[in-house]
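Reading through the structure tokens given below for one structure.
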Amino acid sequence: MARLTDIDVPRDVLASARCGSECAQAAIYAAVAPATFGLLRRLAGNRSLAEDLFQETMMTVFKSLDSFRAEAPLGAWVRQIAVSKCLMYLRSPWHRARMRLSSGAHSEGEWIESLLPATPGPRAESLDLERALASLAPTARAVVWLFEVEGYSHEEIAQHFGRSVSFSKSQLARAHAKLRQWFEPPVDSQTCTTL
């Protein structure tokens, strides 16, 4: 699968899609849909939420196609819309309230961890990046993905979240620490004795 920022469509397909051609719109959808859904799936951490955000993203793409200036590949523009949709959801007071209600007195991170199978610690067979990312709080997961995979700067991430640069840096540092704990092998506390 190609990176979303590298996906572009020919200008004639774009012009036809703007005029309402269903074939051209289908070609655009086929070009950007897999990478867009993959990005949203990683940011949201939940397939059903990613499907909802994907649908909203694609609706916005086709409604706003006339505003695309073609200064960069179409995929870069679609990525911006997808990231904005996902981060708007994560920042929404409704999402935060739902997380608090679902988790009872637990923090957001503890609630996410409670969804994972209980294991005494990471084992070789359970070292799975998807599960490790799922163990992060949604905001931390989004910051890690945007910084490490999508190549966003701390300034860009902070701007998207409407927060300071230190917010982005601290979220990333805490997420890295948690991921290190996830992937480090358990240390046996027994000491070696000589015979």
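Quick note: the coordinates plus some simple rules give every number you see, no bench work behind them. Remember, predicted model here, so these are calculated numbers, not experimental data.
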Karplus 3J(HN,Hα) series, Hz, for segment 55-69 with 6.51 cos²θ - 1.76 cosθ + 1.60 (x for Gly, Pro): 4, 4, 4, 5, 4, 5, 4, 6, 5, 9, 4, 5, 8, 6, 8
Isotropic mean projected area of the C-alpha convex hull, segment 1-100 (nm²): 6.4
Long-range amide H partners of residue 7 with built H, under 5 Å: 75, 76
In order through segment 19-24: 3J(HN,Hα) via Karplus (6.51 cos²θ - 1.76 cosθ + 1.60), integer Hz, x for Gly, Pro: 7, x, 5, 5, 5, 5
Phi to ³J(HN,Hα) by Karplus 6.51 cos²θ - 1.76 cosθ + 1.60 over segment 167-180, Hz, x for Gly, Pro: 4, 4, 5, 6, 4, 5, 5, 5, 5, 4, 4, 5, 5, 4
